[in-house]
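Notes to accompany the following structure.
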Amino acid sequence: MQIVHQMKVFIHQKENWPEFTWNSNKFLDLLSEARNLQGRLIGKMETLGFDLRNEALLDTLTLDVLKSSEIEGEFLNPDQVRSSIARRLGMEIAGAVESDRNVEGVVDMMLDATQNCFDPVTVDRLFDWHAALFPTGRSGMYKITVADWRKDTTGPMQVVSGAMGKEKVHFQAPDSDLVEKEMTRFIDWFNHSKVNLVLKAAIAHLWFVTLHPFEDGNGRITRALTDMLLAQSDKSNQRFYSMSAQIRLERKQYYELLEKTQKGNLDITDWIVWFLNCLIHALKSTDSVLRRVLFKADFWQKHMDTAINERQRKLLNKLMDGFDGKLTSSKWAKIAKCSKDSAVRDINDLIEKGILQKESAGGRSTNYELIGMPAGNNKYT
């Protein structure tokens with residue numbers, strides 16, 4: 001990998017680092033739109049009943065954890081993530097499963113950042129998050145420094161994206177011997193700066209990712225800190241939109257702008273504009289979560305007196321909670337832990353009751369779908 005030599009090419013090497021500047025005239029309208037959307041979303045959620053609001057919260061947190069890990073190339077099991085979050089929030093869900101340690105760790109960090117969003121950030125708290133992300137002290141096959149700042153024993157910390165062997169270096173972080181001092185300054189600003197909280201989230205995201213203080217896990221911790229400040233700006237620890245999911249969708253532009261900003265001056269106007277646009281897109285995308293939650297509530301209200309057995313109830317909830325792939329009689333039998341004959345009887349019974357139908361797209365095996373289900377029933381893709 002090409003090493004970037006110590007010319008002053010990055011913003012953290014500038015003499016007046018980290019005195020960021022920006023031209024607020026270029027994003028005041030965006031900031032106003034974002035704040036307006038935040039307020040409208042909170043208002044909309046407050047009109048839902050307690051159970052529906054919890055359902056939307058569970059969906060959003062699950063999506064956030066999955067996508068934050070996916071950005072780093074780690075694909076977690078959606079059922080494990082959903083079950084882990086539900087357990088911690090005291091919710092009972094159909095088909096709950098046990099979760100791996102690495103899943104529990106990511107969930108612990110994300111919930112601490114959002115549920116306890118008004119608690120100050122400390123070195124120990126960040127170290128606890130880092131330890132939760134790497135419970136074995138390893139990242140993949142490699143032993144790493146956990147719950148401590150990075151040591152750069154194998155060379156400078158470079159921020160890269162792309163597949164192994166085709167990595168693109170976007171920038172180089174400050175040397176490890178500067179990290180402790182830099183983090184002391186960052187934490188003090190994070191806890192005490194009075195800047196607008198949405199703007200603060202944009203600045204904190206850029207600042208922390210610039211420092212890259214840990215050997216691994218920096219991206220996920222950056223996004224946890226971002227969510228923490230957005231939760232503060234919402235004046236609520238309940239999350240109904242996912243910045244991580246939106247960043248995942250806009251990942252190419254994200255890395256391009258990150259690189260451009262790192263190699264520019266300390267005017268971060270373009271970064272703030274991108275961040276606010278990303279936030280606005282995230283807020284607008286919550287409509288699909290609401291549609292699905294309301295569909296599920298209406299479905300069970302409508303079928304309150306319909307004879308539905310426990311296997312059918314479990315599978316119908318699974319379909320509405322984000323089913324992976326296509327529903328077949330074989331998958332039904334496997335998930336419901338019943339015979340293929342029982343699965344076929346269950347499915348045919350629901351077809352007769354006008355609940356399921358065969359998918360129009362033919363294939364080697366017959367697929368089934370829930371009638372009236374909003375488009376994109378796998379909400380975690």
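Structure above, values below:
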read-out	value
Cα-Cα separations in the chain greater than 34 Å, expressed as whole percent	34
About the Cα centre, charge dipole magnitude for the stretch 11-288 (Lys/Arg +1, Asp/Glu -1 at Cβ), debye	480
Calculated from backbone phi, Karplus (6.51, -1.76, 1.60) coupling profile of the stretch 293-307 in Hz, x at Gly/Pro	4, 5, 4, 4, 5, 5, 4, 6, 5, 5, 9, 4, 9, 7, 6
Max mean-square fluctuation residue, GNM over the chain, Cα-Cα springs under 10 Å, options THR366, THR226, THR145	THR366
D_trans [Stokes-Einstein, Kirkwood Rh over alpha-carbon pairs] for the stretch 239-381, 37 °C, 0.692 mPa s, µm² s⁻¹	182
Cα-based Rg of the stretch 310-370 normalised by 2.2 N^0.38 Å, two decimals	1.01
Extended-chain gain in nm, criterion 0.36 nm per residue less alpha-carbon gap, GLU15 and LYS326	106.3 nm
Subset of LYS44/LYS235; LYS67/LYS166; LYS284/LYS331 violating a 26 Å alpha-carbon distance limit	LYS284/LYS331
FRET efficiency, 1/(1 + (r/R0)^6) with R0 35 Å, evaluated for GLU259 and LEU28 via beta carbons	0.85
Label-reachable residues, the stretch 317-333, where backbone N falls under 18 Å from a point 7 Å from SER285's Cα toward its Cβ	322-323
Distant-in-sequence amide H partners of VAL160 (H built 1.01 Å from N, under 5 Å)	HIS170
Added length on full extension, which subtracts the Cα-Cα distance from 0.36 nm per residue, LYS334 to ASP124	71.2 nm
Cα radius of gyration and Dmax for the stretch 68-172 (Å)	16.0, 48
Zero-based 10 Å bins, Cα pair distances in the stretch 152-244, whole percents	15, 43, 30, 12, 1
Efficiency of FRET between MET141 and GLU352 - r from beta-carbon atoms, R0 45 angstrom, step 0.05	0.30
Per-residue ³J(HN,Hα) for the stretch 192-198, Karplus 6.51 cos²θ - 1.76 cosθ + 1.60, θ = phi - 60°, Hz, x for Gly and Pro	10, 5, 9, 5, 2, 5, 5
Alpha-carbon centroid distance for the pair the stretch 291-357 / the stretch 179-197, whole angstrom	50
Neighbour-limited loop hits for trypsin sites (Lys or Arg not before Pro), the stretch 255-309 (at most 13 other Cβ within 10 Å; DSSP other than H, G, I, E, B)	LYS263
Using a Förster distance of 41 Å, the FRET efficiency for LYS166-VAL195 (Cβ separation, nearest 0.05)	0.60
Coil-residue GluC sites (Glu not before Pro) of the stretch 161-198, DSSP, other Cβ within 10 Å capped at 15	GLU167
Contour excess over end-to-end distance, with Cα ends at GLU74 and VAL344 and 0.36 nm allotted per residue	93.6 nm
Sparsely packed trypsin sites (Lys or Arg not before Pro) within the stretch 126-230, loop by DSSP, other Cβ within 10 Å at most 14	LYS151, LYS166, LYS194
For the stretch 213-239 and the stretch 65-144, distance of Cα centres in Å	13
Phi to ³J(HN,Hα) by Karplus 6.51 cos²θ - 1.76 cosθ + 1.60 over the stretch 58-65, Hz, x for Gly, Pro	4, 4, 5, 5, 4, 4, 4, 5
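Every number in this text was worked out from the coordinates using simple rules, so none of it is lab data. Please read these numbers as outputs of a predicted model, since none were measured by experiment. Virtual Cβ from ideal backbone geometry, glycine too; neighbours counted across all protein chains shown.
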